[in-house]
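Structure record follows, encoded as structure tokens.
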Amino acid sequence: MARLRCAVLISGRGSNLEALIHACAEKDFPAEIKLVISNRADAGGLAHAAKAGIASAVVAHRDYASRDTFETALTKVLEAVGIELICLAGFMRLLTAGFVDHWRDRLINIHPSLLPAFPGLDTHARALAEGVRFAGCTVHFVRTEMDHGPIIVQAAVPVLPGDDEHALAARVLSAEHRAYPLALKLIGAGRVKVVGERTEISGMSGGASILLNPADDQRA
Ligand code: GRF
């Protein structure tokens, strides 16, 4: 079976890229990474692509006079290698409606919160400030509204006593490294359909258990 041809767009360290590369190396994984693009030449994540022998390109936003011309250049590079799905993984540029609409339902993102809670930056600090008992991450199709769009996969982690932003970020990040490959696997297998701005996932079995945080010790 032909594997889904993906590109991963990064700006930084690329730990999610690394998780996706790892997943794609599994036998029978239904997607492959054909290209990694960074908008910054110094992105640490480019080393993951090089190590895995994946083609990479730097398309530096600073080299373009406008967002439109930058995005046109991105699309040109992506289409030249027949990319079918773009995975944003710590790509720190806002994308305009032109790009998002062109790649509609072929453009996904990972965000470090349980959307629609905490869109935007500083998600972990804001989650701690609100005192939520669960944090997590969301993989979703991209829409023009930032950190918004049909949800594909979410992973939840508990917020624990004594957590600071860094401890919580690390716990969420390890959840990201499971959630993003799962989303890619589901899409690659053709199991994800966008219906009325929600996704339907065929053959989905949800986790049936109730998660309590704090645990109900009396009943343990
Ligand atoms: C992740 O937390 C992701 O959710 C957010 O940016 C971060 C990227 O981390 N969009 P990495 O570069 O994949 O390590």
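The values are calculated or read from the model by the stated rules, or taken from the named source; none is laboratory data. Worth saying up front: this structure is predicted, and the values here are computed from it rather than measured. Please note: Cβ atoms are built from the backbone with ideal geometry, for glycine as well, and neighbour counts cover all protein chains shown.
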Next item on the list: From the list Ala156, Ala167, pick out the single residue that is in contact (Cβ under 8 Å) with a residue 12 or more places away in the chain and closer than 26 Å to Gly12 by Cβ.
Entry: Ala156
Checklist line | Single unsatisfied condition, Ala135 versus (1) farther than 22 Å from Gly45 by Cα; (2) touching a residue at least 40 places away in the same chain (Cβ under 8 Å); (3) within 12 Å of the ligand (Cβ to nearest atom); (4) surrounded by 21 or more Cβ atoms within 10 Å (Cβ to Cβ) | finding: (2)
Next item on the list: Starting from the stretch 87-103, take each residue that is away from the ligand (no atom under 12 Å from the Cβ) and list its partners that are at pLDDT 95 or above and not in a helix (DSSP H, G or I), counting only C-beta distances under 6 angstrom and pairs at least six apart or across chains.
Entry: Ala97/Thr144; Val100/Val142; Val100/Thr144; Trp103/Ile86
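For every residue, the table says whether it meets (1) loosely packed, with under 12 Cβ neighbours inside 10 Å; (2) within 24 Å of Arg178 (Cβ to Cβ).
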position: Leu17; (1), (2): no, yes
position: Leu46; (1), (2): no, yes
position: Ile54; (1), (2): no, yes
position: Tyr64; (1), (2): no, no
position: Asp68; (1), (2): no, no
position: Lys76; (1), (2): yes, no
Checklist line | Filtered residues of the stretch 166-180 (kept if of a type outside the set (A, V, I, L, M) and within 12 Å of the ligand (Cβ to nearest atom)) | finding: Arg171, Ser174, Glu176, His177, Tyr180
Next item on the list: Please find, among Leu107, Leu128, the residue that is more than 13 Å from the ligand (Cβ to nearest atom) and within 30 Å of Asp216 (Cα to Cα).
Entry: Leu128
Next item on the list: Search the stretch 172-200 for residues that are part of a helix (DSSP H, G or I) and pair each with any residue that is of a type in the set (Lys, Arg) when their beta-carbon atoms are under 9 Å apart and the residues are at least 6 apart or on different chains.
Entry: Lys185/Arg191; Gly188/Arg3
Checklist line | Residue that is within 16 Å of the ligand (Cβ to nearest atom) and crowded, with 17+ Cβ neighbours inside 10 Å, where the choices are Val8, Val59 | finding: Val8
Next item on the list: Could you pull out the residue among Gly162, Gly190 that is more than 20 Å from Thr138 (Cβ to Cβ) and either among the hydrophobic types (A, V, I, L, M, F, W, C) or within 24 Å of the chain's Cα centre (by Cα) (or both)?
Entry: Gly190
Next item on the list: Search the stretch 109-122 for residues that are under 19 Å from Pro158 (Cβ atoms) and touching a residue at least 60 places away in the same chain (Cβ under 8 Å) and pair each with any residue that is among the hydroxyl-bearing types (Ser, Thr, Tyr) and within 12 Å of the ligand (Cβ to nearest atom) when their beta-carbon atoms are under 9 Å apart and the residues are at least 6 apart or on different chains.
Entry: Pro112/Thr123; Pro112/Thr138
